[in-house]
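Reviewing the structure listed below.
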Amino acid sequence: MSGLPPGPRLPKALQAIGWVKRPLPFLEKCQRRYGDTFTLRMLHWGTWVVLSDPEDIKSVFTAGDAVGVDVANPLLWPILGPRSVMLLEEPRHMTRRKLMLPPFHGERMQRDAETMAEVARQEVRAWPTGEPFEMWPRMQAVTQEVVVRAVFGHEEEEGLERVRRQLTSLTEWMNDSRNLNMLATFGPGAVVRSRGFKEAMRPVEQAVLDEVYKRRAEGADGREDIVSMLAHARYEDGSPMSDRELRDELVTLLTDGPTSASLARVFERLLRHPEKLARVRDAVASGEDDAYIDAVIKETLRLCAPVPVVVRRLLKPMRLGGHMLPAGTTVAPCIHLVHRREDVYPHPRSFMPERFLEQPPGTYTWIPFGGGTRRCLAARYAELEMARVLRTVLAEVDLKPVDSRPEGVGRGGIAFSPDQNGLVVAEPRAQRPRQERELWEPVPT
């Protein structure tokens, strides 16, 4: 069959509001009505063919140069920049990816694990006790500090404090509900053209480039932070990365959202399932059972993926969902819907970490980091950070939910989070054994 698959007949403006205001129920309702493949036509966002059949998703993720990405991300490119590795077309994408990959694998990543736990421990010891507070902002503080230290190093605290303040201002602007309302009404272009966005982003960009210029002037002195590494990196032809390329890559790294949102959701899920929380506490106390902690993280990312879709643009015609889609079609492999397929995940709405002890996640059915050659290059880094922070927090404090009812879904600037920001109460752990107090130290993964 040629042409686009069916989809809702609502006016484009109403479909855009559904996508921005209540995206997950909107997607689920469309799937129930139209099946695994349907078309959304949204004001400001364009026309998307949403995919939730694993075979269709595999076809897109393995299509190579038949699928592009750059113009299919109307909100991301103005924030991250058109030269970000996330938005480059092939072959430039793979060339840049090779330059960006080393910090997120191997020995360097294991060294950063110490920083992750140390930062989390310092943050936890500043938390209020006996009174409610929001977990998501606290997790943002942890992940932001970790990435600032990884990107800029530890040596110049004055410079780091400047970056922290500017990143906090940018994060607050992106999470402001008024700006999300602007997104719903006027689309992503209006948000990034706004004066407020420019005033929040400009200092971050300047701080990043100031550090680049400083590292270039200092020369390659053996520093191992990411700014130094990229400032002196060379492509195969010997040319360096341009200032604009460096700006886009470093801002991409610094504008964290998914990891902190997922961490907040890990605690929200565990606190609603005491028996699973007890098992994680046993793993923390023993320093073992990394497999169960890993399963908890994977199940949280399945059930509460921080981003519900990835978007790609077909550069060649492709048959998907029984339809021959023309070149130029924007397709959206739907993380949220494929993660809720009952034929893949029995009882898909239940929080069941044990399912990942019984079988590993599927390449095209567990896709919180995307897939194919464009799978998030920091995926392993993010999972490691979540595990280290989870262990450290539970070794330091006892947590209780403010409300036993599950929290719904809230939308931040980039990632989805608990709609009450993960409201909890913390109490010090009484007479923790020495082994448990020292669990901030690296453990095998």
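Before moving on, here are some points about what is shown:
- Residue with peak Gaussian network fluctuation, the chain [Cα springs, cutoff 10 Å], from Gln144, Gln359, Gln206: Gln359
- Taken about its Cα centre, the chain carries a charge dipole of roughly 1820 debye when the Cβ of each Lys and Arg holds +1 and the Cβ of each Asp and Glu holds -1.
- In this simple spin-label approximation, Asp398 and Arg202 carry label points 7 Å from Cα along the Cα→Cβ vector, and these lie 5.2 nm apart.
- Note on Glu89 and Thr47: their simple-model spin labels are 2.1 nm apart, each label 7 Å out from Cα toward Cβ.
- Protein-only accessible surface order, largest first, of Asp343, Asp56, Asp403 at 1.4 Å: Asp343, Asp403, Asp56
- Estimated FRET transfer efficiency when R0 is 35 angstrom, pair Arg272-Arg380 (beta carbons, to 0.05): 0.80
- Phi angles across segment 384-393 convert, under the Karplus curve 6.51 cos²θ - 1.76 cosθ + 1.60 with θ = phi - 60°, into 3J(HN,Hα) values of 4, 4, 4, 5, 5, 5, 4, 4, 5, 4 Hz, Gly and Pro given as x.
- For Lys29, the lysines whose Cα falls under 18 Å of its own Cα, not counting residues fewer than eight places away in the same chain, are Lys12, Lys21.
- Net charge over other residues, Cβ less than 9 angstrom from the Cβ of Val331 (K, R count +1; D, E count -1): +1
- Prolate/oblate/rounded call for segment 318-362, Cα gyration tensor, a/c under 1.5 rounded: prolate
- GNM flexibility winner over the chain from Glu385, Glu275, Glu90 (Cα, springs under 10 Å): Glu275
- Under 5 Å between amide hydrogens, built in the peptide plane, is the criterion, and for Gly153 it picks out Ile226 among residues at least 5 positions away or on other chains.
- Where labels lie 7 Å past Cα in the beta-carbon direction, separation of Ala291 and Ala190 in nm: 5.3 nm
- Of the residues Ser194, Ser169, ranked by 1.4 Å probe accessible area with the largest first, the sequence reads Ser169, Ser194.
- Hits among aspartates and glutamates - C-alpha to C-alpha of Lys58 under 16 Å, sequence gap 8 or more where chains match: Asp36
- With contacts taken as Cα pairs under 8 Å and at least 6 residues apart, segment 218-354 reaches a relative contact order of 18 percent.
- Normalised by the number of residues in the chain, the average gap of Cα pairs under 8 Å and 6 or more apart makes the relative contact order 25 percent.
- Reachable aspartates and glutamates from Lys316, criterion Cα separation under 13 angstrom, eight or more residues apart if same chain: Asp65
- Choice from Ala305, Ala264, Ala126 with maximal GNM fluctuation in the chain (Cα, 10 Å cutoff): Ala126
The values are calculated or read from the model by the stated rules, or taken from the named source; none is laboratory data. As the structure is a prediction and not an experimental result, all values here were calculated from the model. Reconstructed Cβ throughout: ideal geometry from the backbone, glycine too, with neighbour counts over all protein chains shown. Just the protein is used for accessible areas: all its heavy atoms, side chains included, with ligands, DNA and RNA removed. Shrake-Rupley method; radii C 1.70, N 1.55, O 1.52, S 1.80 Å.
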